[in-house]
Amino acid sequence: MSKPLRIGVAGLGTVGVGVVKILAARREFLAAAAGRSIDLVAVSARDSAKSRGIDLDGVRWENDARKLAAANDIDVVVELIGGAEGVAREVVETALANGKHVVTANKALIAHHGISLARAAEQRGVAFNYEAAVAGGIPIIKALREGLAANEIESLVGILNGTCNYILTEMETTGRDFGDVLKDAQALGYAEADPSFDVGGIDAAHKLAILASLAFGREIDFGSVHIEGIEKITAADIRFAREFGYKIKLLAIATKTDGGVEQRVHPALVADGSPLAAVSGVFNAVAVRGDRVGLLVLEGRGAGEGPTASAVLSDLVDIARGLVMPPFIVPTSHLKQPAKANADKSQSAYYLRFNAIDRAGSMAEITRALANAAVSIERIVQPGEQGDTGRKPVVFVTHKTEEGSMRAAQTHLSRLEDVAGKPLVIRIEDGESR
């Protein structure tokens, strides 16, 4: 058996602890699978006195993670600190500069600096692996980098944030509103004290930008991702969607068009019975459509100690086996430049909800505003209850229309005296891919 693969772990939060546990519990099997042992040499974290429930006897403690990244007795640096800047970035850059392999679960770092870090790894001939950065235990990175390499990917649709999926599932199950369910999610540890990155769609957008780069062979373009969160979704929207035969999910969508790549994160109505509609709770799923395999759907736990640590170990085993490949499938010099699709030309049916005064002529004025924006109506629902503004809720489902037309309609409606505030617009997707 070859000499051990020596690793250092920077960050001993939930995932870091999970990695140490797996290394201890599966030591013999991992050594047999990898062809050599994987040895934990050093760790670094903020508080060396904190009890973490793991055995670190014989493991060196480094107070400075950057020093760990430069240590001569470490072959692989596992970065689990998090964040796009600061110590996390410095640790990874230091490790690569010193010719060390890197494994990370840091989606923000990759979304913002992944291409430059990949170039550095390629120049030094080392691995830069990040399976754990997207969708936890679902091996979607490996699937795109290896299993689907023979395919031209046409589209990718995912549920990539377990916090949002849990909240929307609970809203559907219990009938409660967003704020109440969010508090429960925070109490259960599914949502952070500041949940804005999750519920605002930013976390899912980081992951989508990474997947879109892999799927379409372009440099990461996080700045072109259209982002909407779930904060404005109400229990009434969940109820209306169910009546229409849909569920509401936060979807991350990447589609190749003639003009470029369209990247969007937003709530969507997906048909009940479709693969993504069935994904509940904290689970994630990704639906990929390739020209050779057709539709492929992967589902599993998207976060947590076990699933994410499992993904980290899969990357470590690859490195121990000697597998070093370009981080984004092809060398960075072969990646195409970002090209943003014209979102206004994207077509979808839409769910439209707002509160309006119930008076003679009001509905005619509203439908005229939609017609002037070239939006065709499939269905109108006017529930009997009165909204909190003194106006009654009105719900429209449109025929398929261009996004630019829908935005114009939203602007026209918000200017009408009989309409309270800006109408809520939610796209209707098929739940698989575009």
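The values are calculated or read from the model by the stated rules, or taken from the named source; none is laboratory data. All figures in this text were calculated on a predicted structure; none of them were measured in a lab. For neighbour counting, all protein chains shown are included, and Cβ atoms are generated from backbone atoms with ideal geometry for every residue, glycine included.
Miscellaneous remarks
- Only one of D358, D344 that is surrounded by fewer than 17 Cβ atoms within 10 Å (Cβ to Cβ), charged (D, E, K, R) and in a loop (DSSP other than H, G, I, E, B): D358
- Subset tally (residues that are in contact with an Asp or Glu (Cβ under 9 Å, 6 or more places away or on another chain) and at pLDDT 70 or above) for the stretch 383-393: 3
- The stretch 162-182, residues that are buried (at least 22 other Cβ atoms within 10 Å of the Cβ) and polar (S, T, N, Q): T163, N165
- For the stretch 183-209, a residue qualifies if it is among the acidic types (D, E) and crowded, with 18+ Cβ neighbours inside 10 Å, and the qualifying residues are D198, D203.
- Contact map, the stretch 51-64: first residue in the same structural domain as K21 (by TED's automatic domain parsing), second residue surrounded by 15 or more Cβ atoms within 10 Å (Cβ to Cβ) and among the hydroxyl-bearing types (S, T, Y), Cβ cut-off under 6 Å, separation 6 or more or different chains; pairs are E62/S44.
- Unique residue being in contact with a helix residue (DSSP H, G or I) (Cβ under 8 Å, 6 or more places away or on another chain), among the small types (G, A, S) and at pLDDT below 90 when the list is A369, A339, A364, A360: A369
- Residue match in the stretch 88-104 (condition: out of contact with any Pro (no Cβ under 6 Å at 6 or more places or on another chain), hydroxyl-bearing (S, T, Y) and not in a helix (DSSP H, G or I)): yes
- Qualifying residue in the stretch 207-221 (condition: closer than 30 Å to F396 by Cα and in a helix (DSSP H, G or I)): yes
- Enumeration of residues in the stretch 222-235 that are touching a strand residue (DSSP E or B) at 6+ places or on another chain (Cβ under 7 Å) and either of a type in the set (D, E, K, R) or more than 12 Å from I426 (Cβ to Cβ) (or both): S224, V225, H226, I227, E228, K232
Each row is one residue, and each column tells you yes or no for (1) part of a helix (DSSP H, G or I); (2) under 30 Å from F328 (Cβ atoms); (3) among the polar types (S, T, N, Q).
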position: A185; (1), (2), (3): yes, no, no
position: A193; (1), (2), (3): no, no, no
position: A204; (1), (2), (3): yes, yes, no
position: I230; (1), (2), (3): no, yes, no
position: K247; (1), (2), (3): no, no, no
position: L250; (1), (2), (3): no, yes, no
position: V265; (1), (2), (3): no, yes, no
position: G273; (1), (2), (3): no, no, no
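- Candidates V17, V9, V43 - the one that is farther than 22 Å from N72 by Cβ and either buried (at least 18 other Cβ atoms within 10 Å of the Cβ) or within 25 Å of the chain's Cα centre (by Cα) (or both): V17
- Members of the stretch 283-306 found to be buried (at least 22 other Cβ atoms within 10 Å of the Cβ) and not in a strand (DSSP E or B), listed by number: G302, A303
- Members of the stretch 130-144 found to be assigned to a helix (DSSP H, G or I), in contact with a Leu (Cβ under 9 Å, 6 or more places away or on another chain) and buried (at least 23 other Cβ atoms within 10 Å of the Cβ), listed by number: A132, A133, I140, I141, L144
- Verdict on G125 being of a type outside the set (V, I, T), free of Cβ contacts under 8 Å to residues at least 60 places away in the same chain, surrounded by fewer than 18 Cβ atoms within 10 Å (Cβ to Cβ) and on the phi > 0 side of the Ramachandran plot: no
- Selection of the stretch 130-153 for residues being among the small types (G, A, S), in contact with a helix residue (DSSP H, G or I) (Cβ under 7 Å, 6 or more places away or on another chain) and at pLDDT 95 or above yields A132, A133.
- Every condition in (1) surrounded by 12 or more Cβ atoms within 10 Å (Cβ to Cβ); (2) under 22 Å from S116 (Cβ atoms) holds for G86 except the one numbered (1).
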